[in-house]
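Shown next, in C-alpha cells, is the structure this report addresses.
The values are calculated or read from the model by the stated rules, or taken from the named source; none is laboratory data. A quick note: this is a predicted structure, and the numbers were derived from the prediction, not measured. Every residue, glycine as well, gets a Cβ built from its backbone with ideal geometry; the counts of neighbours run over all protein chains shown.
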Amino acid sequence: MVLLDFWATWCVPCLEEIPHFVELQNRYRDRGLQIVGISMDDGPEPVRDFYQRFHINYPVVMGNARIGELYGGVLGLPIAFLVDRDGRIYSKHIGATDISVIEREIGALM
C-alpha cells in the first residue's frame, strides 16, 4: 500500500506531520507500506535541504498543478491519500490528520 503525501516546505501543518510519516515508514516498511512525498514547492532547492534536515526515509518527488489535478485537485496542504494494494484510494485526508487515524487505516489494509 502507498501513502501519498502532498506537502510543501512552507506549510506548517505539513511540517508537523512529516516526523510521524518517518515513524510510520520505519514501523510498517517491512509489512508493505511505502510513503511517497509529493512536494508542491516551486523548486527542488528547499526540498533537498528539508529532506536532509528531517531525515526523511521515503522518496519525495516534485509535484505540480497537473499532478494535483489527477487526484481531484490539491487546493490546500497537506493532503494525504492512502492507496490500497489494488491501487484504489482507500482514504483521503485534507489538512493535518491525527497520526492515529492514519495508522488505524494502515492496520485495516494489512
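Brief remarks follow.
- Candidate set: segment 31-55, residues that are acidic (Asp, Glu) and in a loop (DSSP other than H, G, I, E, B); chosen: the one farthest from Ala80 (Cα to Cα): Asp42
- Listed conditions (1) within 27 Å of Leu109 (Cα to Cα); (2) surrounded by 12 or more Cβ atoms within 10 Å (Cβ to Cβ); (3) in contact with a strand residue (DSSP E or B) (Cβ under 8 Å, 6 or more places away or on another chain) are all met by Val47, apart from (1).
- Checked against the criteria, Ile102 counts as under 16 Å from Met1 (Cβ atoms) and either aliphatic (A, V, I, L, M) or outside any helix (DSSP H, G or I) (or both).
- Comparison of Tyr28, Tyr90, Tyr58 shows that the only residue that is assigned to a strand (DSSP E or B), in contact with a helix residue (DSSP H, G or I) (Cβ under 8 Å, 6 or more places away or on another chain) and either surrounded by 15 or more Cβ atoms within 10 Å (Cβ to Cβ) or at pLDDT 95 or above (or both) is Tyr90.
- Any pair with Cβ under 7 angstrom, 6 or more apart, that starts in segment 90-106 at a residue that is within 18 Å of Tyr71 (Cα to Cα) and ends at one that is part of a helix (DSSP H, G or I) and among the acidic types (Asp, Glu): Tyr90/Glu105; Ser91/Glu105; Ala96/Glu16; Ala96/Glu17
- Cβ pairs under 7 Å, 6+ apart, first in segment 60-72 and among the small types (Gly, Ala, Ser), second modelled with pLDDT under 85: Gly68/Val74
- Taking every residue in segment 6-21 that is in contact (Cβ under 8 Å) with a residue 12 or more places away in the chain and charged (D, E, K, R) and pairing it with any residue that is in a loop (DSSP other than H, G, I, E, B) and crowded, with 19+ Cβ neighbours inside 10 Å, at least 6 positions away or on another chain, the pairs with Cβ-Cβ distances below 7 Å are Glu17/Pro78.
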